[in-house]
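The values are calculated or read from the model by the stated rules, or taken from the named source; none is laboratory data. For clarity, every value in this text was computed on a predicted model and none was experimentally measured. Here the Cβ positions follow ideal geometry from the backbone for every residue, glycine too, while neighbour counts run over all protein chains shown. Protein only, heavy atoms only, side chains kept; ligands, DNA and RNA dropped before computing areas. Shrake-Rupley method; radii C 1.70, N 1.55, O 1.52, S 1.80 Å.
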Amino acid sequence: MKKIIVNLKDYLGYRENVEFANQSEGLDITVFPSLPYLYIYKNKNIKIGAQDISKFEKGAHTGSVSAEHLKEFGIESVILNHRECKKDEDRLREKVRMAYRYDIDIILCIDGFVGTELEKIDGILEEIDCTDLMLAYEPTEDISLIDIVRNLNKIKDYFKKYNFKYLYGGNISSANYQEFDEALDVDGYLISSHALDPEELKRIVNQAR
């Protein structure tokens, strides 16, 4: 089955998260709710991830949530370098280092395939000696499926020395899932707005099976 990663961003409030957790329980997905609502998913039959992680170890860092505390809570994965919360290279390096140290699966986002973005990621991973993660390609521009395939192949060629799994994130729905899945050689999908409706999410998961 293809991996289905659900990034809820900051869309859902308390009651909506409770309803979403109840309706999605048991689905083979990993859900990334906003931080205040992680506890809602804690005792559900559902894998949970964090939308961010601190670059620090636990300690006197007001507003930070350490990798150690997230791991203790039951977090399995973390999304890093998402275009909506990009960090400079030094901060990203330390976040990757912390996740890697505490055995939290890393979903590293990339929104382009040229120049400094690829070089930045390559430099960070070489320094940390981290070779096993999920790379999520999420283009910011509106491009054709042909261009998506071409860009993804360029990204894979650039990182061919690594043992990456690849995700695609970009307006995947139950209506277009089959078209994308036939064209893209990926291990799964990073889904956001189309996953907010649990019934639509179930349709996507059924196709992923």
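Among residues of the range 132-181 being among the β-branched types (Val, Ile, Thr) and assigned to a helix (DSSP H, G or I), the one that is farthest from Lys120 (Cα to Cα) is Ile146.
Applying a threshold of 8 Å to beta carbon distances and a minimum spacing of six or more residues, or different chains, the list of pairs starting in the range 136-148 at a residue that is exposed (fewer than 12 other Cβ atoms within 10 Å of the Cβ) and ending at one that is in a loop (DSSP other than H, G, I, E, B) reads Thr140/Asp111; Thr140/Gly112. Being touching a helix residue (DSSP H, G or I) at 6+ places or on another chain (Cβ under 8 Å), at pLDDT 90 or above and over 16 Å from Lys2 (Cβ atoms) is a condition met by no residue of the range 201-209. Counting just the residues of the range 179-201 that are surrounded by 21 or more Cβ atoms within 10 Å (Cβ to Cβ) and in contact with a Ser or Thr (Cβ under 9 Å, 6 or more places away or on another chain), which one comes out farthest from His82 (Cα to Cα)? Looking at residues that are surrounded by 21 or more Cβ atoms within 10 Å (Cβ to Cβ) and in contact with a Ser or Thr (Cβ under 9 Å, 6 or more places away or on another chain), I get Leu201. Considered as a group, the residues in the range 97-114 that are outside any strand (DSSP E or B) and open to solvent by 40 Å² or more (accessible area, probe 1.4 Å) include one that is farthest from Leu70 (Cα to Cα), and that residue is Val114. Restricting the first member to the range 180-208 and to residues that are in contact (Cβ under 8 Å) with a residue 60 or more places away in the chain, and the second to residues that are part of a helix (DSSP H, G or I) and open to solvent by 40 Å² or more (accessible area, probe 1.4 Å), the beta-carbon pairs closer than 6 Å and six or more apart or on different chains are Pro198/Gln23. In summary, Asp132 fulfils each of the numbered conditions (1) open to solvent by 40 Å² or more (accessible area, probe 1.4 Å); (2) farther than 18 Å from Ile5 by Cβ; (3) out of contact with any Cys (no Cβ under 7 Å at 6 or more places or on another chain) with the single exception of condition (2).
Taking Ala195, is it among the hydrophobic types (A, V, I, L, M, F, W, C), more than 19 Å from the chain's Cα centre (by Cα) and closer than 25 Å to Phe20 by Cβ? Here the answer is no, as Ala195 does not meet what is asked. One residue alone among Asn43, Asn17, Asn81 is at pLDDT 95 or above and either among the polar types (S, T, N, Q) or on the phi > 0 side of the Ramachandran plot (or both), and that residue is Asn17.
If the condition is being in contact (Cβ under 8 Å) with a residue 24 or more places away in the chain and within 18 Å of Leu167 (Cβ to Cβ), then the range 76-91 contributes Glu76, Ser77, Val78, Ile79, Leu80, Asn81, His82, Arg83, Glu84, Cys85. Looking across the range 124-157, just one residue is over 20 Å from the mean Cα position of the chain (by Cα) and of a type in the set (Gly, Ala, Ser), and that is Ser144.
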